[in-house]
Amino acid sequence: MFAAENGLRGDPRLQAISEAIRVVPHFPKQGIMFQDITTLLLNHKAFKDTVDIFVDRYRDMGISVVAGVEARGFMFGPSIALAIGAKFVPLRKPRKLPGKVISEAYELEYGADCLEMHVGAVQPGERALVIDDLVATGGTLSAAIRLLERVGAEVVECACVIGLPEVKGQHKLNGKPLYVLVEPREIDDCY
Amino acid sequence: MASEDGQDPRISRIASSIRVIPDFPKPGIVFQDITTLLLDTKAFRDTIDLFVERYKDKNISVVAGVEARGFIFGPPIALAIGAKFVPMRKPNKLPGPVISEEYSLEYGTDIMEMHVGAVEAGERALVIDDLIATGGTLCAAIKLLERVGVHVVECACVIELPELKGRERLGDKPLFVIVNAA
């Protein structure tokens with residue numbers, strides 16, 4: 001669900017967040033309009049508002065784990081975790097985590113990739129939030145949900161700054177609620 | 001870095017929350033794993049607080065974090081001190097025009113990139129990563145920032161491996177670390 005449809009309609013922070021995101025055409029390949037959040041991170045107020053909106057939503061939900069997907073999930077997840085008193089768990093590409101891991105494969109447009117989590121990072125029964133910068137097909141987030149559920153955690157929600165059109169109208173991903181702040185913008189003359 | 005005697009009481013818990021993993025990524029290397037620090041909410045909170053207390057009144061407008069573990073510590077610091085966060089990334093990850101800096105690894109070289117226009121000449125920057133070993137990565141980050149006229153005030157890491165002499169490699173750039181992993 002989009003934030004504007006879920007209590008934040010007309011919230012001026014959402015417009016500023018949307019406008020702070022840069023659209024880079026044809027990256028990583030022709031036809032893809034890449035939603036670049038690095039410009040959001042340069043705008044202190046918009047970045048702070050992004051984190052605050054998530055923190056306000058999640059602080060009273062008994063969440064003890066924020067799982068962030070490498071690498072842009074690392075830019076948002078830890079600040080949320082710190083503010084709500086949860087631990088931060090990085091979900092990483094293969095062979096980055098040094099200890100024992102569990103792995104979950106997921107599909108790419110061409111081929112497959114793998115997401116890993118440290119064994120012991122999360123206990124059964126913990127309530128978890130999954131965070132990434134953007135959700136497109138939901139493949140990566142689905143793999144994240146599966147990793148957490150395999151160790152007995154309950155995924156309360158998946159949260160992303162940006163949600164691509166494929167997810168509009170989908171309130172759930174793998175049966176889990178999805179919360180998104182903004183839609184992608186078209187290219188304009190600002191950048 | 002805080003001295004042994006007058007050591008901030010938060011440091012010992014931070015140090016013990018870091019897991020040491022032998023022979024990763026290869027035999028003979030003892031890996032300092034900060035993921036366990038991130039599981040200890042007090043230790044993680046204290047780590048960020050130590051950095052924020054040090055930098056909040058130093059007029060720093062840029063926190064540059066090195067991929068990927070610098071992305072975990074940098075943004076909370078940037079948000080707390082009112083600075084922007086700039087990710088310093090491996091090649092071909094940043095979508096817009098970039099400047100690149102090549103740096104040496106033990107075998108071979110790697111490249112670090114920063115977006116053009118992320119920082120402006122005259123800005124004051126902090127460079128953050130989880131750990132300093134030889135200092136090669138931090139030097140590359142400093143060079144990228146200085147090439148566009150930014151003043152790098154200090155480098156900050158959670159952990160230093162002093163035997164690898166990264167501090168010397170940084171030359172006149174100050175280095176602040178919380179934990180000394182001797």
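Based on the Cα coordinates of chain A, what is the per residue volume of their convex hull in Å³?
On the way: hull volume 22.8 nm³, N = 191.
Spelled out: Cα convex hull of chain A, divided by residues, is 119 Å³.
Note on the stretch A:7-80 and the stretch A:144-186: Cα centroid distance 13 Å, given to the nearest whole angstrom.
Placing pseudo-labels 7 Å out from each Cα toward the beta carbon at A:Asn174 and B:Asn92 gives an inter-label distance of 2.8 nm. Between the C-alpha center of the stretch B:95-128 and that of the stretch B:24-48 there is a gap of 25 Å. Across all directions, the average flat footprint of the convex hull enclosing the Cα atoms of the protein assembly as shown is 18.4 nm². For the listed peptides B:37-45, B:113-121, a ranking on the average number of other beta carbons within 10 Å per residue, highest first, reads B:37-45, B:113-121. Each listed q (0.17 Å⁻¹) maps to a log10 I(q)/I(0) for the stretch A:51-138, found by the Debye formula over equal Cα scatterers with no solvent: -0.74. Dividing the C-alpha radius of gyration of the stretch B:1-129 by 2.2 N^0.38 Å, with N its residue count, gives 1.19. Relative to the longest principal axis of the Cα atoms of chain A, the long axis of helix A:139-150 makes an angle of roughly 30 degrees.
Across A:His44, A:His26, A:His118, mean-square fluctuation computed from a Gaussian network of chain A (C-alpha pairs under 10 Å connected) peaks at A:His26.
No value in this document is a laboratory result; all are computed from the given coordinates. Note that the structure is predicted; figures quoted are calculated from it, not measured. Cβ atoms come from the backbone with ideal geometry, glycine included; neighbour counts cover every protein chain shown.
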